[in-house]
């Protein structure tokens, strides 16, 4: 981080502990098998666009859920568990509030929500609602941070689409959430950009590439 980004401990880099995500970690959305539209499409891009979304987040947190297709509350219970993972009281999202976070559904969990006919917007809305907490809960753990809240209830996220939702990985018991730092002027908002996969550049003064007939 010192050599690549010029990060200086206690100055530009205020973290107390190191984190590999400060350099890089990435994953690809499983668009082909997901019951949800590609994330970039719901973010307003064209289906044919190649888009990268970047967010300053914590390391991945596992969220364990064993589905029961015979339980009519199957999808609701899964969303409750995901909400606990993405904004439990040990996270910055629950204490500092604001910012954004990521929910990575494994195929099995994505199918549970798909079978319940939930759209990405439905999932985001419910996770947002489930992360409205009573102020007294924050007072118990972090009274100084709670002092700035003037109502009996507060929101961990400003709006539903602060919670990114996509499918990736293999089926099983575990999905993954990534809370964020919520710090600084930008509060670790996510940023998306279209990438040009066929772009190339020419070196000024270089000879043209010759091909044999």
Among the residues of region 107-118, are any surrounded by 21 or more Cβ atoms within 10 Å (Cβ to Cβ) and closer than 20 Å to residue 180 by Cβ?
no
So residue 101, is it at pLDDT 90 or above, within 15 Å of the chain's Cα centre (by Cα) and surrounded by 12 or more Cβ atoms within 10 Å (Cβ to Cβ)
yes
Considering every residue within region 46-62, establish whether at least one is surrounded by 10 or more Cβ atoms within 10 Å (Cβ to Cβ), modelled with pLDDT of 95 or more and more than 27 Å from residue 114 (Cβ to Cβ).
no
Tally time: how many residues in region 125-170 are loosely packed, with under 14 Cβ neighbours inside 10 Å and assigned to a strand (DSSP E or B)?
3
Hey, any hits in region 110-122 for a residue that's within 14 Å of the chain's Cα centre (by Cα) and at negative phi?
yes
Take the residues in region 67-85 that are in a helix (DSSP H, G or I) and in contact with a helix residue (DSSP H, G or I) (Cβ under 7 Å, 6 or more places away or on another chain); name whichever of them is nearest to residue 172 (Cα to Cα).
78
How many residues are in contact (Cβ under 8 Å) with a residue 60 or more places away in the chain and within 21 Å of residue 128 (Cβ to Cβ) when one looks only at region 98-116?
12
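The values are calculated or read from the model by the stated rules, or taken from the named source; none is laboratory data. Since the model is a prediction, treat every value here as computed from it, not as a measurement. Backbone-built Cβ (ideal geometry, glycine too); neighbour counts: all protein chains shown.
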